[in-house]
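Below is one structure, written out as structure tokens, with a few remarks after it.
Just so it is clear, none of the values below were taken in a lab; they were calculated from the coordinates. No experiment lies behind these values; they were computed from the predicted model shown. Note that we place each Cβ from the backbone using ideal geometry, even for glycine, and neighbour counts take in every protein chain shown.
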Amino acid sequence: MDISSATAAANAATTQQSPSEVAANDTSLSADFNTFLTLLTAQLRNQDPLKPVDSTEFIAQLASFSSVEQQTRTNTLLEELVQGSQTNGVDLEQAASWVGRDVLAPGSAEFDGDAPVSFVVDPPEGADRAEILIKNDFGLVVFKKTADPAATSVSWDGIDAAGTVVPPGSYSANILYFEGDAQIADLPGQSFSRVTEARWQDGTPRLILENGGEVSPDEVAAVRAAQE
């Protein structure tokens, strides 16, 4: 394989192919690059010592081929980034449009010391008994009570197990469902919280909430205009 023709072919492949085609041919390009290095080494080893080939030409060709390889890998990474930016049809741009709006998702609700807080839940079929556990932001259970196993929402008035009003703060709910004596589900209560930021994290978009929590867009059950 002629070194200059190998470099030209690689450049042509990069400029004429789509990112997906470039990604598919990445292995082939790597093989050509290894061949290029082999030929380069062989020519340097076997050149006429009285008439050596100008090393500048070799360096230029090596730099050119290396540049093509880096461009190809960049195209591949960009394609993977675009493909990975969607989670159940929601990309970062769409997630960002939710900033300033309220989303319904599993997480904490803010108790202001007075008004009851509500949690939305999707009860499973077959449950004949349910218990709601209210936890503070340290994960400690502060209150426990029975609940209607068919209810789609539960409320809590801020009273703890001792009958006193808990301090204002973030509280979460878990609803345990039973069929007879067997527990069949443990579901987190969902509550509305304001989205303050949309962030790209670990390859997926994440929503940062006003209450300090964060959720994936595919955990969101509803989006509404901000409620005061």
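Can you tell me the equivalent ellipsoid semi-axes for region 109-153? Use √(5λ) from the Cα gyration tensor, largest first, whole Å.
Each semi-axis is √(5λ); the values are 22, 13, 9 Å.
Ranked from highest to lowest mean number of other Cβ atoms within 10 Å per residue, what is the order of the peptides 150-162, 105-117?
105-117, 150-162
What full-extension length gain, to one decimal in nm, is calculated for residue 110 and residue 133 as 0.36 nm per residue of separation minus the Cα-Cα distance? Write out the running numbers ahead of the final one.
On the way: separation 23, 0.36 × 23 = 8.28 nm, distance 1.57 nm.
Once the chain is fully extended between residue 110 and residue 133, it gains 6.7 nm.
For region 85-228, the relative contact order is 36 percent, taking Cα pairs closer than 8 Å that sit 6 or more residues apart in sequence and dividing their mean separation by the residue count.
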